[in-house]
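Enquirer: Dumping the structure here so I can ask a few things about it.
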Amino acid sequence: MTDDLKAAPIDYRLVVAEASDAARLLPLVITFHDEDGHPLSAIGADAFERLCTDPALGFAVAIESGETLIGYAAVCFGMTSIEYGGRDAFLDDLYIIPAYRGRGSGRRIIDELVGMARSHGVKALHMEVQGANQRAYDLYTTLGFKDRGSRLMTKRLV
């Protein structure tokens with residue numbers, strides 16, 4: 001890819017995933033989790049497939065540029081949050097293949113995902129960013145996400 005092409009803005013569309021899209025998106029889910037340092041387990045793959053099947057759980061989107069699949073995102077609904085006064089959700093995954101990064105699409109995609117979450121009654125959208133990923137952290141803070149100074153802690157129950 002030439003530098004001129006790499007600098008050009010991406011024309012893309014978000015397509016809400018359905019059950020039939022899970023197999024097409026799963027290779028990107030695996031790649032994202034490998035790149036992020038936490039390989040996708042069979043349980044995680046199953047959870048992604050259920051997300052594509054059951055809209056009560058949230059939604060996944062395919063990110064397409066023309067006929068090319070360039071990424072995906074997953075928004076997983078929580079329950080009613082007392083702190084936020086309603087449903088909350090996690091922007092659990094956002095992945096764009098490397099050749100399409102750095103051209104402003106991440107900012108626009110997140111704005112669209114926020115709008116989609118709002119349309120589902122989400123009052124607060126959370127995300128987790130790896131400590132070493134300063135570029136993503138900087139993007140998310142410019143989009144209004146706040147580091148609350150708390151620590152996300154997890155205990156796996158399976």
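The values are calculated or read from the model by the stated rules, or taken from the named source; none is laboratory data. Not measured: the values here are computed from a predicted model. FYI the Cβ positions are ideal-geometry reconstructions off the backbone, even for glycines, and counts take in every protein chain you see. Keep in mind that these areas ignore ligands, DNA and RNA; they rest on the heavy atoms of the full protein, side chains included. Shrake-Rupley method; radii C 1.70, N 1.55, O 1.52, S 1.80 Å.
Enquirer: Within 10 Å, count the other beta carbons around each residue, average over each peptide in 110-120, 53-63, and list them highest first.
Expert: 53-63, 110-120
Enquirer: Please state the charge dipole magnitude for the chain, taken about the Cα centre, from unit charges on C-beta atoms (+1 on K and R, -1 on D and E), reported in debye and rounded to the nearest 20.
Expert: 540
Enquirer: Okay, moving on. Which Cα, out of 154, 142, 125, lies furthest along the positive dipole direction of region 102-158 (beta carbon charges, K/R +1, D/E -1)?
Expert: 154
Enquirer: Can I ask one more? Using 18 Å as the cut-off for backbone N distance, which residues of region 79-98 belong to the label zone defined by a point 7 Å from the Cα of residue 64 along Cα→Cβ?
Expert: Only 95-97 fall inside the zone, counting backbone N under 18 Å.
Enquirer: Okay, next question. I want to check the label-to-label distance for residue 151 and residue 139. Put each point 7 Å from Cα in the C-beta direction and report it in nm to one decimal.
Expert: Here the modelled spin labels are 2.7 nm apart.
Enquirer: So, one more: Of the beta bridges DSSP finds with both residues in region 76-158, what % are antiparallel, to the nearest 5?
Expert: Counting DSSP beta bridges with both partners in region 76-158, the antiparallel share is about 50 percent.
Enquirer: Rg to Rh ratio, region 83-126, alpha-carbon atoms and Kirkwood radius?
Expert: Reported Rg/Rh (Cα atoms, Kirkwood Rh): 1.07.
Enquirer: Per residue, how much accessible area does region 80-156 show when a 1.4 Å probe rolls over the protein heavy atoms, in square angstrom?
Expert: Normalised by residue count, the accessible surface of region 80-156 is 68 Å².
Enquirer: Next question. Can you list residues whose amide H is under 5 Å from residue 123's amide H, if they're 5+ apart or on another chain and H is modeled 1.01 Å from N?
Expert: 87, 88
Enquirer: While we're here: Amide H of residue 93 versus every other amide H placed in the peptide plane: which residues, excluding those fewer than 5 positions away on the same chain, fall under 5 Å?
Expert: When sequence neighbours closer than 5 places are left aside, the close amide H contacts are 74.
Enquirer: A follow-up question, please. Nothing charged except the Cβ atoms of Lys and Arg (+1) and of Asp and Glu (-1): what's the magnitude of the dipole of region 11-51 about its Cα centre? Round to the nearest 20 debye. Show your work: numbers first, answer last.
Expert: On the way: 3 positive and 8 negative charges, 23 e Å.
Here region 11-51 has a charge dipole of around 100 debye.
Enquirer: Per residue, how big is the convex hull around the C-alpha atoms of the chain? Give it to me in cubic angstrom, could you?
Expert: On the way: hull volume 20.7 nm³, N = 158.
That works out to 131 Å³ per residue.
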